[in-house]
There are 2 protein chains.
Amino acid sequence: MVNSTTERRPGRRPGAPATREAILEAAREAFVASGYRAATIRGIAQAAGVDPALVMHFFGNKEGLFAEAMRPPFEPAAVLSAALATDPAAAGTAIARTFLEAWESSAQRRTLLGLVRSAVSEESAAMMLREGLLAGVERSLNELGADRPALRASLISSQLIGVAMARYMVRARGAAEATPAELAAAIGPTLQRYINGPLFEGGTA
Amino acid sequence: MVNSTTERRPGRRPGAPATREAILEAAREAFVASGYRAATIRGIAQAAGVDPALVMHFFGNKEGLFAEAMRPPFEPAAVLSAALATDPAAAGTAIARTFLEAWESSAQRRTLLGLVRSAVSEESAAMMLREGLLAGVERSLNELGADRPALRASLISSQLIGVAMARYMVRARGAAEATPAELAAAIGPTLQRYINGPLFEGGTA
């Protein structure tokens, strides 16, 4: 299948990073503009100037393509592990800072916006968020010996995504006018408690 | 205009609460299914079995109709004021409980889901959230004498909406499996700090 594709497009090697990147870029455009459900492999292939079979060859199916195209610019579990290795008591603010830095970059923000918009309305995108990103954070917290690692992972993501919504989507005045450093300092202690503090009021974690 | 409408539909009084409610119900259906932009006054009027002019008479324009149809089942500023009047030190958990109770009700959840889904992708819905809901919370915090009331209002909403996303939209395992009481206890101290605690790390609020 791949060979027949390349035979029709001489000079374009299917494994070439440029082709793969062109497909991912077309996929991002489509997923951000139309959402997961409405975007099609055929339409994305056409926009990238390749055969749909090549898209399948690279990414398996639409879900695989979505996962790759909308992969966040950072790996949450890796960010958490690195922050914990550096200074566990400052991990909350460090994670907030990394997260907000990614959103402040306009290219990365576009991917992140598409991911959140898809996740609030489409099960496939929600599943990717659940299984691809949250599961890794839960594993890290579990290794740390935290009680209720799944709940902690949810709470961490809830505060991070909530702040991104307030600043970049709803553009609530207070969140939009604050500096990223102020926001990181404000939500840092929240994340810190969700990582390794007492989870419930009164400290009965 | 209203009279001509009722003349064509004898027995149906334009001011009748049932008619108004039928329009609101049709509007909710349309906004949740299609989003703010795609929904039309004409389509909503047709679904409710009334003349478009009657919709305009009741709600002024599409924005007014959206604001009324998607009005959350609680008034955030009123919930905050009541919680502060009862026990300022327990306000965070009280607000979390009221918020989660509304989401647990399936009828109310539908409205709230439509509101959040619209707000992450459509400016008109985002504006309603900003100006209709957040502004009231900001005023309450300002009366309380809090520093940075706009930022505090954003942070409170960020944690609340973030938890709703985690539990009801993404259905992250930890947030979905916890009881509403556990979630309220877990985010209560966070909200409490955003209401009247030191906002930035180290207490330099």
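The values are calculated or read from the model by the stated rules, or taken from the named source; none is laboratory data. In this text the structure is predicted, and so the values were computed from the model without any measurement. All Cβ positions, even for glycine, are placed from backbone atoms using ideal geometry, and neighbour counts span all protein chains on display. Areas reflect the complete protein model, heavy atoms only, side chains present, ligands, DNA and RNA absent. Shrake-Rupley method; radii C 1.70, N 1.55, O 1.52, S 1.80 Å.
At-a-glance table
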item	result
Residue count, the range A:170-183 (criterion: in contact (Cβ under 8 Å) with a residue 24 or more places away in the chain and either open to solvent by 10 Å² or more (accessible area, probe 1.4 Å) or among the charged types (D, E, K, R) (or both))	2
Residues satisfying the stated conditions in the range B:137-190, i.e. of a type in the set (Ser, Thr, Tyr) and more than 7 Å from chain A (Cβ to nearest Cβ)	B:140, B:168, B:179
Residue ID - nearest to the other protein chains (Cβ to nearest Cβ), chosen from residues in the range B:91-106 that are in contact with a Phe, Trp or Tyr (Cβ under 8 Å, 6 or more places away or on another chain) and touching a residue at least 60 places away in the same chain (Cβ under 8 Å)	B:92
Those residues of the range A:52-84 which are over 20 Å from residue A:118 (Cβ atoms) and charged (D, E, K, R), in sequence order	none
Count of the range B:107-133 residues which are free of Cβ contacts under 8 Å to residues at least 40 places away in the same chain, open to solvent by less than 20 Å² (accessible area, probe 1.4 Å) and more than 11 Å from chain A (Cβ to nearest Cβ)	0
Odd one out for residue A:155 among (1) touching a Gly at 6+ places or on another chain (Cβ under 8 Å); (2) crowded, with 22+ Cβ neighbours inside 10 Å; (3) under 23 Å from residue A:38 (Cβ atoms)	(3)
Residue check for residue B:63: acidic (Asp, Glu) and in contact with a Leu (Cβ under 8 Å, 6 or more places away or on another chain)	no
The range A:27-51: number of residues that are modelled with pLDDT of 95 or more, closer than 24 Å to residue A:114 by Cα and open to solvent by less than 40 Å² (accessible area, probe 1.4 Å)	7
Cross-chain or 6+ apart pairs with Cβ under 6 Å, the range B:145-161 first and at pLDDT 95 or above, then of a type in the set (Phe, Trp, Tyr) and open to solvent by less than 10 Å² (accessible area, probe 1.4 Å)	B:152/B:194; B:155/B:194; B:156/B:194
Among residues of the range B:75-104, those that are surrounded by 15 or more Cβ atoms within 10 Å (Cβ to Cβ) and under 17 Å from residue B:168 (Cβ atoms), counted	7
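Residue-wise test of (1) more than 17 Å from residue A:78 (Cα to Cα); (2) open to solvent by 10 Å² or more (accessible area, probe 1.4 Å); (3) assigned by TED's automatic domain parsing to the domain that holds residue A:105.
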residue	(1), (2), (3)
A:135	no, yes, yes
A:144	no, yes, yes
A:163	yes, no, yes
A:167	yes, yes, yes
A:185	yes, yes, yes
